[in-house]
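Nothing in this text is a laboratory measurement; each read-out follows from the coordinates by a stated rule. Keep in mind the model is a prediction, meaning the values are calculated, not measured. Here Cβ is always computed from backbone atoms with ideal geometry, including for glycine, and neighbour counts include all displayed protein chains.
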Amino acid sequence: MKSKSSVASMVLLSAALLGMSSAAFSADNKPGFLSRMFDGEKAPGVAPVKNPQYLEECGSCHFPYQPGLLPARSWKKVMSGLEDHFGENAELPPEDVKNITDYMLKNAADHADYKRSKRIMSSLRADDAPLRISETPYFIEKHNELSRAMVQDNPKVRSVSRCGACHTMAETGSFSESEIQIPGFGAWED
């Protein structure tokens, strides 16, 4: 027979878990923090972007890449070359460059405590400063099974740099394989 204290502990634990169940789903009924946590994954994979100026200035032209996807040394290089930003002039007023750069550096992969940020950092040598997330060994390994038909020849994708085309929760910082939907190919199955 179980003691009264063990039964009471089990009842309290059950009540606590039931009480937290609403946190298991986000407002739009998609799996949330707790469901990912119980699947053995920290949530999210990288910290979501929370800087309105970065979202406005950078996110108006391309996917607002989370700072946790590259180390600070990479973001320094990116932000110091805005006059030729991957073939485009993305120059900003100096105070905007400083504010966005400060945000990027503070939240870069080498300063983040998120699963994917740590894995990206562990895939790099100490002096690596890739300008593109798609140049990191971690990214290359994770995307090595994608065919040309799935990406370059796919009119709804065209490039691995378009994270949100396949990663349905990319803007939240979650890049879980269970959330991948490749346009024209469906859910990713490893």
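Shown here for region 43-79: trypsin sites (Lys or Arg not before Pro) in loop regions (DSSP other than H, G, I, E, B) with at most 14 other Cβ atoms within 10 Å, namely Lys50.
Take the Cβ-Cβ distance between Asp128 and Ser60 as r, set R0 to 41 Å, and report the resulting FRET efficiency rounded to the nearest 0.05. Given R0 = 41 Å and the Cβ-Cβ separation, E is 0.90. Where the centroid of each part is defined by its Cα atoms, how far is region 155-188 from region 71-125 in Å? Result: 22 Å between the Cα centres. Extension gain, Glu91 to Ser178, is 27.6 nm, computed as 0.36 nm per intervening residue step minus the present C-alpha separation.
Ranked by Cβ crowding within 10 angstrom, fewest neighbours first, how are Trp188, Trp75 ordered?
Fewest-to-most Cβ neighbours within 10 Å comes out as Trp188, Trp75.
Full extension of the segment from Glu83 to Ala187, taken as 0.36 nm per residue of separation minus the current Cα-Cα distance, would add 33.6 nm.
Measure up Lys118/Lys142; Lys118/Lys156; Lys76/Lys106; Lys115/Lys142; Lys77/Lys98; Lys77/Lys156 against 19 Å on the Cα-Cα distance and list the ones that go over. Beyond 19 Å between Cα atoms: Lys118/Lys156; Lys77/Lys156. For GluC sites (Glu not before Pro), the sites in region 41-149 that DSSP calls loop and that have at most 13 other Cβ atoms within 10 Å are Glu91, Glu145.
Of the residues Arg116, Arg162, the one with the fewest other Cβ atoms within 10 Å heads the list, and the complete ranking is Arg162, Arg116.
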